[in-house]
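FYI, it's all coordinate maths here, none of it is from the lab. For clarity, every value in this text was computed on a predicted model and none was experimentally measured. As a convention, Cβ positions derive from the backbone with ideal geometry for all residues, glycine included, and neighbour counts pool all protein chains shown.
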Amino acid sequence: MKERSRTEYSLINIFTGMGGYIINTMLGFVCRIIFVRMLSADYLGVNGLFSNILTMLSLAELGISNAIIYALYKPVACKDEKRIASLMKFYRTAYRIIGVAVAVVGLLMLPFLKLIINTPPAIKENIYVLYLIYLTNTVISYFFSYRAILFTAMQRNYIVTGYNYIITIAQSVLQMAFLIITREYLAYLLIQILGSITYNILISAKAKNDYPYIKDNKTIPTLPKSERKAILKDIKALAIYKITGVLVNNTDNIIVTYFNGLISVGLTSNYQLFSNTLNALVQQTFNALTGSVGNLNATSDAQKRYFFFRVLNFSNFWLYGWGAIGIALVSGDLVRLLYGASYVMPMKIPVILAVNFYMIGMQHAVYTYKNTLGLFRYGQYVLIFTAAINLTLDVILGKKWGVFGVFLATAIARLLTNTWYEPWAVYRYGLNVHPIKYFLRYSCFALVLLGTGIICWYICSLVECPVFLTVLLKMLICTVIPNAIFILIYGKTEEFQYLCKKLHNIYLIFKHTP
């Protein structure tokens, strides 16, 4: 197998992820439009609610994958096949136990569905049958997909994303066809399960083919007790972090359902689709870099690690700041264009979603470094406070202001806890740099973004055209103005110059590629 540089692996990962995601996203929007036209808003609510519940159930994974990826970086760099195989054997056993646990806990949740859905949705399918289909789709992945982790550690995440997008694109086409022909939500879900099974089987077979030394579990030695103990300590820290993280990030739709009903969840999910799509698109870049950052942190000096963190953090600001402005000012018109005026919500909803989008996005560089430096034990209890504040404010603000109050509660909870603690821990214990440097930059970024957002809002408020033209003009405004201001303010910084140089190198690589 041909060895490549970190830059080459990163480029392949980024372009594979971006290319597949753009095609998949376009299909996803078309599929969403067909979904809305063929089925009622109650189905959107069911979709959003069950997705949140099963994301909460996935907390059984407890961050094991992050601990194993970190443990794999060094043996992968040293090409220690024996240790890699032992780690994968440990991971396989853990994931099978998790799969059974998720299935059992998921079944125990059945009697509580009536408590969450206090107003029955206007759908013809049995709500329990639909939930069991969602649960099956979640459980399946634990028995096959654990091998995908090896591609990430090997800096070959493009294999995982490539397989995923090929299957997802085929799945979306089939789902659209069946919705148009049958208008059956059940067929839509069954196609989704078929896609999950196909993906998991293919990625598992690819891993065994490329790395045959992970296949024969009988001859693979068990990890030494000391190594298992160290990994379990990391898993414990990640478990606490993940459980509380799910309570912060995946309870909003459940709370909204309780206070406002499933239809409100369906309406909000259209806006969340835009922010989630943008977040996932940008995340393709950072996910693609994870393996390379892990390799860099395992082989480079402190100065180089710190400089690259600054570059990543600057990229966070640029991409998520730009995206947040677009979410706040364009998503309402996009909803009106794609789904109809009856699905439009007050502007305060996209604004608070944009705030949450930006706050999460600005943490990506921090989380990437925290995971690749193995700093799992720092901050393991912080999100307990985040979750407690979030749930308390959800009840108070959700009761007072409905959907807006629930999302505002999440933003306040994040601001008071992990938004400041996570970077503090990475700077103090990982980079050995005074955290005040991060907070000064973060504050400057926030002020620049606020000023840029106000300018864009004022210009967008002058646009009065038919909805299609309005969307195009606002998208143009929210693209040109932010990027022009960012270049004007940050064009001479080291980070910007570094990124320009890298982009120029990429151009030269493609120019000279036959």
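Dipole orientation for segment 356-459: of the candidates Gly451, Tyr429, Gly402, Tyr429 has the Cα lying most toward the positive pole (charges on Cβ; Lys, Arg +1; Asp, Glu -1).
For a quick protection proxy, order the peptides 350-356, 102-108 by their average other-Cβ count within 10 Å, most packed first.
On the way: 350-356: 22.7, 102-108: 15.0.
Order by mean packing, descending: 350-356, 102-108.
In this rough spin-label picture, where each label sits 7 Å from Cα along the Cβ direction, the Ala230-Leu202 distance is 3.7 nm. Let me check I've understood the local charge: for Val160, count other residues with C-beta under 13 angstrom from its C-beta, Lys and Arg +1, Asp and Glu -1. What total comes out? Here the count lands on +2. Find out how many positive minus negative residues lie around Lys370, taking Lys and Arg as positive, Asp and Glu as negative, among other residues whose Cβ is under 12 Å from that of Lys370. Within the 12 Å Cβ shell, the charges total 0. With the simple model of a label 7 Å out from the Cα in the direction of the Cβ, Thr222 to Asn483 spans 5.7 nm. When you count the other C-beta atoms within 10 angstrom of each residue and take the mean per peptide, 415-426, 359-370 line up highest first as 359-370, 415-426. By the gyration tensor of its Cα atoms, with a ≥ b ≥ c the square roots of the eigenvalues, what is the shape of segment 116-190: rounded for a/c under 1.5, prolate for a/b over b/c, or oblate? Oblate is the answer for segment 116-190, as a/c is 1.5 or above yet b/c matches or exceeds a/b.
Students often check this: by mean Cβ neighbours within 10 Å, which of 429-441, 469-481, 273-285, 309-321 ranks highest, and how do the rest follow?
Numbers: 429-441: 14.9, 469-481: 17.3, 273-285: 19.2, 309-321: 21.3.
My ranking of the peptides, most packed first, is 309-321, 273-285, 469-481, 429-441.
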